[in-house]
Structure formats: C-alpha cells, structure tokens
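Take this structure first; my questions come after.
The values are calculated or read from the model by the stated rules, or taken from the named source; none is laboratory data. Please read these numbers as outputs of a predicted model, since none were measured by experiment. Methodologically, a virtual Cβ is constructed for each residue, glycine included, from the backbone with ideal geometry; neighbour enumeration extends over all protein chains shown. These accessible areas exclude ligands, DNA and RNA; they are computed on the full protein's heavy atoms, side chains included. Shrake-Rupley method; radii C 1.70, N 1.55, O 1.52, S 1.80 Å.
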There are 2 protein chains.
Amino acid sequence: MTAADVVPFARVGVIGAGAWGTALALAALRAGRDTILWAREPDAVEAMRRDGENARYLPGIPLDPALEITADLARAAAADAIMVVTPAQHLRTACTRLAPLLRPGTPVVLCAKGIELASGCLMSEAAAASLPAAPIGVLSGPTFAAEVARGLPTAVTLAIKDQPLGARIVETLGSRSFRPYLSDDVTGAQVGGAVKNVLAIACGIIQGRQLGDNARAALITRGLAEISRLGLALGARPETLMGLSGLGDLTLTCTSLQSRNTSLGRDLGEGRSLSEILGERHSVAEGVHTAAALGELAGRHGVEMPICRAIDAILNHGADIDETIASLMARPFRIEGR
Amino acid sequence: MTAADVVPFARVGVIGAGAWGTALALAALRAGRDTILWAREPDAVEAMRRDGENARYLPGIPLDPALEITADLARAAAADAIMVVTPAQHLRTACTRLAPLLRPGTPVVLCAKGIELASGCLMSEAAAASLPAAPIGVLSGPTFAAEVARGLPTAVTLAIKDQPLGARIVETLGSRSFRPYLSDDVTGAQVGGAVKNVLAIACGIIQGRQLGDNARAALITRGLAEISRLGLALGARPETLMGLSGLGDLTLTCTSLQSRNTSLGRDLGEGRSLSEILGERHSVAEGVHTAAALGELAGRHGVEMPICRAIDAILNHGADIDETIASLMARPFRIEGR
C-alpha cells in the first residue's frame, strides 16, 4: 500500500494535556491535521490559551496558534480519530466518559503506557471494556515528549487489528519528523512500555551503586529477554518486542536520567530509602506499581522474570539491594537464550 | 549440566596485551586460573612488570602480581586454553604464528571484534584458515575493558560448537563478576560486534547534529534489525543477535562516548571533516573500515542495510550528512518488522 492510496483523517482529538498529549497534538498539527487538545481543568485550558505554551508540562515550547484547546470533551470526541493520553491508571475512566460521545467507528488510539493495577489489565483490555464497539489502537515507542513537541525525529509503533484503518492513522499522524511504523500486534505493542519502567529502576540502581556500563548493558539485554518471555506468553510477536515499542523504548528509558524511574532507582542505589525518595516527589514513578502488578501477571502465566521480581522485592518487600544483586549474580552459569 | 560436573582448565594464555587482553587476563586470574599474558613487544612486558600496571592501555589499574607476563609466545601457547585478543586485522597473522605452538585440542577463544577487510571474513573464518584443527570459540558482549579489569559485573556470550568444551571454558573464565553465557552459535556471536561500530558512528552523528534521544533509540532499534537481517542471512540464530553479543554490545557502544566510533560520529555530526578528525587521532575507528566491508558483505547476501549503507556513503563516498539523513527520513511509512 502506498501513501497515494490512503486518505488521512481530517481532524484529530487528543484527550489529555500532559506533556505527552500536548506533544502528540503538536505532532498531528505538524502532519497537517486539524487538531483539538482536551484538558480536564478549565484553568489549564485558559492558561495554555493565554500563555501560548503548556507551562506546567512542556515549558518553553510554543504551542502553534492553530491548535484548538478545549475543556469540552464532547467537542474533542467529535474528531475523526481520537488519541487517549491520560495516565495509565485513569484510562478506563476516560474511556467510559468518551463512550457516549464518540461517533460509531471512530478509531481510538491509546497512548498511555502501563498496566492497570486494580485489574492487571493491559491498556487495550481496560479500554475495550468501556468502548466495546470502537476500533482500538496503541501508539508506543521511544518518545521523550519534549523532543516530539520540538519536532525532533521520532519513530513509534502504531498497532491496530484493522490494517487499512491503521494505514489511515499512520497517514494522519506521520510526517518527516514523526514516523509511525504500522503493526497489527496490539498486545505486543503494550508489553515493552509497561515493563520498561521496572527495568529502568533496575538500571538506576546499577548507576547509583556505580556498577558500570557493562552491567547496565547486560541488564538491558537480560531485561529484554524478560519482556520477550512475558510478551510471548501473552500472545505478542517477537518482532514487536524487538521493535520500537519494546527494545526502542527500553533503550531510551534505561539510558537517560530524564526518566523518573531511572532517577528513582539511582537514588535507591545511592542508599536512600524509598519512603524518603517518594516523600520528596510530586508524582510516583510508574515502575513502583508496575513491579507489583507484573509479579502477579508473570506468575499467572508461569513466566520467569528474575530482574523484575528482584525490583519488586526491593521496592515493595524490603529486600536488601546488595543481597539482591549478589543473589542475581550468583545464579548458575547459563545457556544464552534460556 | 551443573558446575559440579565441569572441570575448569588450570592455565589460561592470553595473546595480546592491549586494554581488552589485559582485562581478560585479570578476569581469568580472578576466576582462580593460572594466567599468562603475552605482549608482542619485550619493552611492553618489561614496563608492565616494572610498573605493576599496563600504563599505556589501562592506566591506574593495578595488575595482580600473580599475573605472569611474557614476550615468549611459545610459553603462552602452552596453556590449556588460549584467548586471542589481537586487533581484528591482525588476528589471522597471530593465529598463523600460534599454529605450530599449540598442543592438539587446545581451545582457542577469539576476542577481537570486526570483519577482516582483505577477505570479508568473520574472525572465526580467518582463524580457522590458520588453525584448522583447533576448536575455535568466540567471546563477545558489552564490555568496556576498564570495567572488566576493575572487576565490575560483566556478562558476555561464549560461543563454541563443542558444548561440553564450552562449559569447561565458561567454568574457567566465569566468576561472580564475569559471567559468560554459553552458546553454540559461533557465527551469530560475531555479527553484532562487527556491525555495531558502524551504527555507533551513526549514533554519534545524531548526537553531533543534536537530533535527540528519541532518534538515537529509533536508530538503535532499526540498526538491530539490520544486524538481525545480516546475521540470519549468514546462518545466525535470532536469540544470539538479541543477546549480549548483539543487542547488549550495540546498546553499550551506542550510548557511551567512551567508544571511539561514537565520538568520531559526533565530530562528523558537528560539521568537521573526516580527514580532519582522522588526522588528530592515533588509531582509526574500526567502523570506518567495517562500513565499507559491510556494504560488500550485505550486497553479496542480498540483505538490506540502509543505515549502514548511509554511513558508508558519508564516510567513504563523500555523501552530505543532512541530505543522507533527510533521505533516510523520507522513506515511505512502513510495516514494523520488515
């Protein structure tokens, strides 16, 4: 299929005006679409309109005046394609509110990463419960929001079962600087983004303990093997896990201190306590919760995830960091790939 | 097979006393083996003995006095297991010199990364030509030498066809801080280490052009896809390419400026010319040559490697950096995994 065959959607609605939602709205605008960004709080809408920037989440990056900003959910939901960019734990609520407002057949692209803690559900499962009739897609990949907002080159996975519809969404959002790669592996595209936050905490601990770059590279590699085992058990395809939403996102998150999870891990590795670290932060790093949820999910599917389990033990069950590292290192020598 | 069944070799000979050879000798010593390190120049042997360090390649890291250092190749070759750690382009010569000195059946583990430029051969192919009777293994992975020398945690792939022999080598070299994962995929274990230097130059260019971390993560992901395509065409197994010698080494090299290839790319990305950069350096970054050799190898096997080809065009055929990046970004939107 070539671009000439594919008609983009004219109007994109972005639900959620955090850093990532705002950046995606700017990307859609840059791709040439009419774009409407919905923020929950009228004050936030007012501030963005007045300041011409999202001062709270993306300070210093001007908002194109062509971007429509609203607190009216029905107005945003009337667009031809919807991107839901609320935090992972609020996704189900957002979809429930959207359900009566969407026109039949409107595609809904989920852009939050994580596992729903109350249910252990992937984002697509949580959304499908509220939006049983809507075609559900997932957008995931190595994406610092500020870079996307600035128009720096970025590639993501766009996964949806209906491939002709997926091609339209790719054409709707894609530009020279923002490049979606189409996939039909909706499950696979969500596993990396959920698990990577736990592994990022592990990488941060390695950094805080000054264990070196070799150890971090080994951890990323063995961590990707854990993502793969879980993904395959859930029905994902290997190439998705080795792609932008898996390997790509893992690499980005684990090699940058821009990640809240990595910096939390570093603080832990430097010897500070979790309660002390969390006490100083406005937001909880997603990986703290995901580690607990993953233990349950991995157990249910009989998947071995020793690194994720170790991080859960450190974060949520008072395990000692040095003893945990020592016991990971003392495992018997193994065959690669197992 | 458990460690209890496997008898390590008593004595390890390391051929080549650069940073990596010296570090591997220290790792073997730390694993409890009698270890002998061979350096080509008697002056270098003298200096290491006198200074208690390898001041030229690993300054500041003390050499354990138990390490035997020699310029007598026959003495090192009399060990029970041999590691060859010469530069890639000198490997064939080193093996030719070793051939008459080895006892029959002595395993030879190749630790150099690259492609032999004159022949397009992998290291194992170049070695086998000189050592047709020796069991040939390959050691590769994410390894900064200084970290291994200091005993920081490191994991590598150890690939050899004869798996019981491989288990003995793993037991010989393995310790709590240095962990070899056994594989029988000798070809696969060499592909990542060869190609990564070219991709590291690409990552450096992205950094020099200030294109951001998203772009680098996408490049690592799409670059690993190129490694995989080439590896599979050469007969490698996917899990090797996704393991320590593939993904692991690629991640380490591409996310650190310790790599000569990355820093060369950064200088190029900042607008300096290749001749100017190379004029200031003592050693050529391996990726400059590998880029040319890879073009030939990929062509022969009908493998598509657009990023590696683009780097070859920039380095060796005068292509403009911005035009090359623009044409990579202007490729049509694609299906992930293809």
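I'd like to check which helices (runs of 4 or more DSSP H) are fully inside segment B:222-280 and have at least 3 residues that are crowded, with 21+ Cβ neighbours inside 10 Å and in contact (Cβ under 8 Å) with a residue 60 or more places away in the chain.
In segment B:222-280, B:249-254, B:260-269 are the helices (runs of 4 or more DSSP H) which contain 3 or more residues that are crowded, with 21+ Cβ neighbours inside 10 Å and in contact (Cβ under 8 Å) with a residue 60 or more places away in the chain.
Residues being over 17 Å from B:Leu264 (Cβ atoms), open to solvent by less than 20 Å² (accessible area, probe 1.4 Å) and part of a helix (DSSP H, G or I): count how many of those fall in segment B:294-306.
3
Restricting to segment B:131-146, count the residues that are free of Cβ contacts under 8 Å to residues at least 40 places away in the same chain and either touching a helix residue (DSSP H, G or I) at 6+ places or on another chain (Cβ under 6 Å) or among the β-branched types (Val, Ile, Thr) (or both).
Count: 2.
Can I ask one more? Could you check B:Ala55 against (1) within 27 Å of B:Met123 (Cα to Cα); (2) open to solvent by 30 Å² or more (accessible area, probe 1.4 Å) and say which number it fails?
(1)
Just to be sure I understand, how many residues within segment A:307-331 are surrounded by 14 or more Cβ atoms within 10 Å (Cβ to Cβ) and assigned to a helix (DSSP H, G or I)?
Number of matching residues: 16.
Please go through (1) in contact with a strand residue (DSSP E or B) (Cβ under 7 Å, 6 or more places away or on another chain); (2) not in a helix (DSSP H, G or I) for A:Val148 and return the number of the only condition it doesn't satisfy.
Here A:Val148 meets the rest and fails (2).
Please go through segment A:6-45 and give me each residue that is out of contact with any strand residue (DSSP E or B) (no Cβ under 9 Å at 6 or more places or on another chain), part of a helix (DSSP H, G or I) and free of Cβ contacts under 8 Å to residues at least 40 places away in the same chain, ordered by number.
A:Pro42, A:Asp43
Of all the residues that make up segment A:10-33, how many are under 19 Å from A:Ser177 (Cβ atoms) and open to solvent by 20 Å² or more (accessible area, probe 1.4 Å)?
6
Table: residues versus (1) part of a loop (DSSP other than H, G, I, E, B); (2) touching an Asp or Glu at 6+ places or on another chain (Cβ under 9 Å).
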{"site": "B:Ala74", "(1), (2)": "no, no"}
{"site": "B:Ile82", "(1), (2)": "no, no"}
{"site": "B:Ala112", "(1), (2)": "yes, no"}
{"site": "B:Ala118", "(1), (2)": "yes, no"}
{"site": "B:Pro132", "(1), (2)": "yes, no"}
{"site": "B:Thr143", "(1), (2)": "yes, yes"}
{"site": "B:Thr157", "(1), (2)": "no, yes"}
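If you go through segment A:217-239, how many residues are facing chain B (nearest Cβ under 8 Å) and among the hydrophobic types (A, V, I, L, M, F, W, C)? Talk me through it step by step, then tell me what you get.
Kept after step one, since they are facing chain B (nearest Cβ under 8 Å), are these residues of segment A:217-239: A:217-218, A:220-222, A:224-225, A:228, A:237-239.
Now drop any that are not among the hydrophobic types (A, V, I, L, M, F, W, C), which leaves A:217-218, A:220, A:224-225.
Going through segment A:217-239 one residue at a time, the tally reaches 5.
Please state which of the following conditions A:Met242 fails to meet, knowing it meets all the rest: (1) within 14 Å of another protein chain (Cβ to nearest Cβ); (2) more than 25 Å from A:Gly120 (Cβ to Cβ).
Of the numbered conditions (1) within 14 Å of another protein chain (Cβ to nearest Cβ); (2) more than 25 Å from A:Gly120 (Cβ to Cβ), the odd one out for A:Met242 is (2).
Quick grid of which residues meet (1) surrounded by 16 or more Cβ atoms within 10 Å (Cβ to Cβ); (2) touching a Lys or Arg at 6+ places or on another chain (Cβ under 7 Å):
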{"position": "B:Asp43", "(1), (2)": "no, no"}
{"position": "B:Ala47", "(1), (2)": "yes, no"}
{"position": "B:Asp51", "(1), (2)": "no, no"}
{"position": "B:Ile61", "(1), (2)": "yes, yes"}
{"position": "B:Asp64", "(1), (2)": "no, no"}
{"position": "B:Thr70", "(1), (2)": "yes, no"}
{"position": "B:Ala79", "(1), (2)": "yes, yes"}
{"position": "B:Met83", "(1), (2)": "yes, no"}
{"position": "B:Pro87", "(1), (2)": "no, no"}
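Does B:Gly243 qualify as being small (Gly, Ala, Ser) and touching a strand residue (DSSP E or B) at 6+ places or on another chain (Cβ under 7 Å)?
On the way: small (Gly, Ala, Ser): yes; touching a strand residue (DSSP E or B) at 6+ places or on another chain (Cβ under 7 Å): yes.
It is true that B:Gly243 is small (Gly, Ala, Ser) and touching a strand residue (DSSP E or B) at 6+ places or on another chain (Cβ under 7 Å).
Run B:Gly193 past the list (1) touching a Ser or Thr at 6+ places or on another chain (Cβ under 7 Å); (2) under 30 Å from B:Arg272 (Cβ atoms); (3) not in a helix (DSSP H, G or I) and report the number of the one that doesn't hold.
Only one criterion is unmet by B:Gly193, namely (3).
Follow-up. Quickly run through segment B:212-238 and pick out the residues that are of a type outside the set (Gly, Ala, Ser) and out of contact with any helix residue (DSSP H, G or I) (no Cβ under 8 Å at 6 or more places or on another chain).
Let us first name the residues in segment B:212-238 that are of a type outside the set (Gly, Ala, Ser), namely B:213-214, B:216, B:219-222, B:224, B:226-227, B:229-230, B:232, B:234, B:237-238.
Residue satisfying the conditions is B:Arg229 alone.
Name every residue in segment A:168-191 that is among the β-branched types (Val, Ile, Thr) and away from every other protein chain (no Cβ under 12 Å), in order of residue number.
Selection gives A:Val186, A:Thr187, A:Val191.
Something else now. Can you name the residue in segment B:199-216 that is facing chain A (nearest Cβ under 7 Å) and out of contact with any Phe, Trp or Tyr (no Cβ under 9 Å at 6 or more places or on another chain) and is also surrounded by the fewest Cβ atoms within 10 Å (Cβ to Cβ) among such residues?
Filtering first and then ranking leaves B:Leu211.
Name the pairs: first residue in segment B:200-215 and among the acidic types (Asp, Glu), second residue crowded, with 24+ Cβ neighbours inside 10 Å, Cβ to Cβ under 7 Å, at least 6 apart or on different chains?
Matching pairs, first to second residue: B:Asp213/A:Leu252.
Here's a check for you: in segment B:137-167, which residue that is surrounded by 23 or more Cβ atoms within 10 Å (Cβ to Cβ) and more than 10 Å from chain A (Cβ to nearest Cβ) is nearest to the chain's Cα centre (by Cα)?
By that ranking, first place goes to B:Ser140.
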